[in-house]
1. Checking residue A:195 against (1) at the interface with another protein chain (Cβ under 9 Å from one of its Cβ atoms); (2) buried (at least 24 other Cβ atoms within 10 Å of the Cβ); (3) farther than 17 Å from residue A:263 by Cβ, which single condition isn't satisfied?
2. Identify the residue in segment A:285-299 that is within 7 Å of chain B (Cβ to nearest Cβ) and surrounded by 15 or more Cβ atoms within 10 Å (Cβ to Cβ) and, among all such residues, is farthest from residue B:299 (Cα to Cα).
3. Just to be sure, is residue A:128 free of Cβ contacts under 8 Å to residues at least 12 places away in the same chain, surrounded by fewer than 24 Cβ atoms within 10 Å (Cβ to Cβ) and closer than 26 Å to residue A:271 by Cβ?
4. Could you check segment B:222-262 and list, in sequence order, the residues that are buried (at least 23 other Cβ atoms within 10 Å of the Cβ), over 22 Å from the mean Cα position of the chain (by Cα) and more than 23 Å from residue B:175 (Cα to Cα)?
5. Condition (residue is within 16 Å of residue A:89 (Cβ to Cβ) and either within 10 Å of chain B (Cβ to nearest Cβ) or touching a helix residue (DSSP H, G or I) at 6+ places or on another chain (Cβ under 7 Å) (or both)) applied to segment A:209-231: is it met by at least one residue?
6. For residue B:119, which of the numbered conditions (1) closer than 30 Å to residue B:228 by Cα; (2) buried (at least 17 other Cβ atoms within 10 Å of the Cβ); (3) touching a residue at least 60 places away in the same chain (Cβ under 8 Å) fails to hold?
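The values are calculated or read from the model by the stated rules, or taken from the named source; none is laboratory data. Small disclaimer: the values here were computed from a predicted structure and weren't measured. Ideal geometry is used to build each Cβ from the backbone, glycine not excepted, and the neighbour counts take in all protein chains shown.
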């Protein structure tokens with residue numbers, strides 16, 4: 001299944017906020033629509049919002065009323081600013097914007113040809129994402145033994161990517177295809193419950209046994225020997241610092257608990273998630289609204305006027321990561337040295 | 001404020017499932033009503049369900065149609081069985097049942113006098129609980145410095161006791177009364193969100209600044225230096241094993257994170273919570289329903305047919321506990337030796 005598509009010169013995506021109760025596709029006809037869709041987390045997951053950003057920029061190219069190349073580029077740069085401003089922690093937005101703007105600046109021919117080249121580039125990025133994630137799955141499946149139970153946080157499945165496999169769930173799916181028995185313990189992942197809503201939905205569709213737990217139960221499950229390995233995705237990995245992982249809030253906690261119980265903790269991510277430029281100190285942790293925590297299914301669960309602290313991400317230090325699973329292979333420490341292979 | 005009361009020979013309690021949106025009192029006229037109230041967590045928190053159990057048995061004494069003492073005792077024993085079967089992890093239920101049954105067996109005089117003695121005993125237990133918790137607060141407040149931010153899980157405030165102070169929140173309230181500046185970070189505590197609903201409600205009423213976080217954000221907050229100390233309550237503390245703490249799911253995770261970040265982790269509990277009889281291996285961890293995790297505000301958040309693992313409690317080993325705060329004083333390691341003072 002596909003998370004996001006290009007149809008009749010519009011962007012069509014699953015509204016993931018309505019899953020698992022409703023599978024509803026929404027159509028977006030401007031880059032503003034797409035940016036709002038990313039902000040409201042209709043689409044989420046690092047690779048998915050990366051390719052969605054690319055499609056959003058394709059939409060900006062398609063809609064541009066520019067008559068000269070420099071105006072066209074200006075329109076695209078404006079669009080890129082709108083898109084990258086939606087979720088500051090996700091490196092894939094910037095990655096997508098850079099690729100599309102590079103294409104816009106380098107492509108030859110008429111304005112119409114440039115427009116088409118950009119749309120084609122974005123569609124290629126969608127296709128490539130699926131292939132990359134399949135490779136992550138193949139490398140990662142080697143780490144999974146028959147009978148393993150894998151813990152995971154948030155949703156890093158096909159819904160978090162362009163489609164099909166996902167990142168953290170890809171090794172699990174490939175191992176399952178290979179005939180290994182794999183079970184999953186999915187942290188529900190408050191506040192937005194992507195584990196309960198999306199990961200459970202995906203794995204059930206794939207026939208992979210999954211149990212949902214509240215986030216606070218992970219330590220208990222690990223202490224009882226119920227988790228053999230933990231695999232999560234990532235929103236940005238800072239290479240300069242040796243591989244600090246920005247991922248969904250709760251990931252750091254999971255890594256500390258895994259370390260305590262000697263459970264291997266893996267991060268599965270395509271090379272587009274690795275940030276070779278920024279220092280750790282430049283990493284922005286997005287803080288989201290109070291109502292995202294305080295309102296569930298339309299009703300407040302906190303008293304009126306209560307304060308909430310709602311960081312969307314946390315940072316797992318590289319010493320708690322056993323290995324990174326990428327489309328180029330499984331990368332083990334020393335990360336500062338080994339991660340260089342991702343920079344082509 | 002009082003959590004549970006004896007009024008016109010009935011038990012009246014706040015329906016805590018409706019907080020913070022509605023403050024509704026429910027009236028219970030039989031021990032079965034009271035048992036259901038405990039099971040459905042209308043009343044929750046170890047000391048609160050202890051005194052509620054005592055009042056439930058007082059109700060059984062009041063309602064008994066027995067005409068002979070041995071029938072009366074039999075009625076009470078049946079009632080005790082019903083009450084203690086509701087939440088197997090909570091030692092306070094058994095504590096309350098033992099006290100009431102001992103009273104029933106030892107009291108002299110007519111059946112009518114026995115009935116009255118039991119009701120009086122239960123009411124005394126309610127009163128004593130408030131005094132005990134005030135003492136916990138006084139001892140615990142000495143551990144809190146001006147400007148501290150205290151992390152806590154679930155609700156161990158007045159709503160978790162007979163009223164007024166609570167256990168884990170009592171040191172915070174007493175420190176606040178003493179003029180110290182204290183802030184609280186409250187884990188929302190899925191699945192039933194007692195932190196978000198009840199702890200925030202209580203502390204806001206007391207004028208103590210509180211921030212609600214999702215449970216998965218605790219590690220992030222600790223890593224950012226936002227938490228100076230952590231205080232939680234307990235449902236049962238196994239003394240024979242040196243002080244293993246059964247408490248709300250998520251507590252163990254908090255203790256591991258506190259240890260990782262060198263944050264003192266305290267358990268505040270009255271001596272009635274300490275179990276001197278059972279071995280750790282005999283500790284039963286209550287598992288609750290799938291819908292408790294899967295349904296929030298009347299709507300399913302997991303796919304139809306998804307599996308859920310919902311342990312209500314976890315176990316924190318004594319090596320992760322800095323000290324126990326009790327009505328007899330602050331008890332530091334070696335616990336096996338020091339906890340003996342609680343057995344009078």
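1. With (1) at the interface with another protein chain (Cβ under 9 Å from one of its Cβ atoms); (2) buried (at least 24 other Cβ atoms within 10 Å of the Cβ); (3) farther than 17 Å from residue A:263 by Cβ applied to residue A:195, the lone miss is (1).
2. A:293
3. Values: free of Cβ contacts under 8 Å to residues at least 12 places away in the same chain: yes; surrounded by fewer than 24 Cβ atoms within 10 Å (Cβ to Cβ): yes; closer than 26 Å to residue A:271 by Cβ: yes.
It is true that residue A:128 is free of Cβ contacts under 8 Å to residues at least 12 places away in the same chain, surrounded by fewer than 24 Cβ atoms within 10 Å (Cβ to Cβ) and closer than 26 Å to residue A:271 by Cβ.
4. Within segment B:222-262, just B:257 meets the criteria.
5. Initial filter on segment A:209-231 (within 16 Å of residue A:89 (Cβ to Cβ)): none.
Within segment A:209-231, none of the residues are within 16 Å of residue A:89 (Cβ to Cβ) and either within 10 Å of chain B (Cβ to nearest Cβ) or touching a helix residue (DSSP H, G or I) at 6+ places or on another chain (Cβ under 7 Å) (or both).
6. (1)
Per-residue answers, yes or no, for (1) touching a strand residue (DSSP E or B) at 6+ places or on another chain (Cβ under 6 Å); (2) free of Cβ contacts under 8 Å to residues at least 60 places away in the same chain:
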site	(1), (2)
B:246	yes, no
B:256	no, no
B:270	no, no
B:276	no, no
B:294	yes, yes
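Per-residue answers, yes or no, for (1) under 30 Å from residue A:212 (Cβ atoms); (2) over 24 Å from the mean Cα position of the chain (by Cα); (3) at pLDDT below 95:
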| residue | (1), (2), (3) |
| --- | --- |
| B:289 | yes, no, no |
| B:304 | yes, yes, yes |
| B:314 | yes, no, no |
| B:322 | no, no, no |
| B:327 | no, no, no |
| B:342 | no, no, yes |
